[in-house]
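In what follows, a structure is listed as structure tokens, so that the remarks can point back to it.
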Amino acid sequence: LIDGEGSITIYNNSKHQTGIFPPRVEIGMTTKAPLNFMQEHFEGNINRTHKGTCWRWTLAGRPLIRNLMVAIQPYVLVKSEHVELMFKYIDESDNSRPLSEKEFSRRKAIRQRYSEINSQNWRGSHV
């Protein structure tokens, strides 16, 4: 599910100027049953998309996302680098507030790498 219909990323909330870059995992599908499975096993929320044609399962929170990464790591093919980046993001984060410049830069760099990977995958260069 994650490899095909999912997204593993660091959300860019710079429009709110908090610079926190929270992690997020999402799966969008027209069929709700697989998302119910994800919610039963990994928690998260299921909502209809804004147009009402699809369902979206969203998982937020570092401990929950880390548990999911541990569970899917042996099975992901396309998004293996996404998983590795998420471990790096979660395991090496300094969560003190306000964020230091160093921590802000580190998070921003990881977010940039997610953008690069997604751009490469969109063009099909991973195959």
Before rounding to the nearest 500, sum -39500 (n - 2.57) across all DSSP H runs of length at least 4 in the chain and divide by the residue total; then give [θ] at 222 nm in deg cm²/dmol. -14500 deg cm²/dmol
Quick tally, 1.4 Å probe accessible area for His50, His82, His41, sorted with the most first, runs His50, His41, His82
Length added when fully stretched, Lys88-Glu40, from 0.36 nm per residue minus Cα-Cα: 14.7 nm
Carbon-plus-sulfur fraction of the accessible area of the chain, 1.4 Å probe, in percent? 52
Taking 7 Å along the Cα-to-C-beta vector as the label spot, tell me the Thr31-Ser115 distance in nanometres, rounded to one decimal. 3.5
The chain, relative contact order in percent, only Cα pairs under 8 angstrom and at least six apart counted: 24
Please arrange Met29, Met86 by accessible surface area, largest first, computed with a 1.4 Å probe and ligands excluded. Met29, Met86
Near Met29, within a Cβ-to-Cβ distance under 15 Å, what is the net charge of the other residues, with Lys and Arg +1 and Asp and Glu -1? +1
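Mind checking the per residue accessible area of the chain for me, 1.4 Å probe, whole number of Å²?
In whole numbers, the chain has 61 Å² accessible per residue.
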Treating only Lys and Arg (+1) and Asp and Glu (-1) as charged, each at its beta carbon, one finds that the chain has a dipole about its Cα centre, in Debye to the nearest 20, of 440
Translational D in µm²/s for the chain (Stokes-Einstein at 37 °C, 0.692 mPa s, Kirkwood Rh from C-alpha pairs): 213
Order the following by accessible area, largest value first: Lys108, Lys51, Lys79. Probe radius 1.4 Å; ligands, DNA and RNA are ignored. Lys51, Lys108, Lys79
In degrees rounded to 10, the 0-90 angle between helix 33-42 Cα long axis and the longest Cα principal axis of the chain is 40
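The values are calculated or read from the model by the stated rules, or taken from the named source; none is laboratory data. As the structure is a computational prediction, the values presented were derived from the model and not from experiment. Note: ideal-geometry Cβ built from the backbone for every residue, glycine included; neighbour counts use all protein chains shown. Side chains included, ligands, DNA and RNA excluded: accessible areas come from the protein's heavy atoms. Shrake-Rupley method; radii C 1.70, N 1.55, O 1.52, S 1.80 Å.
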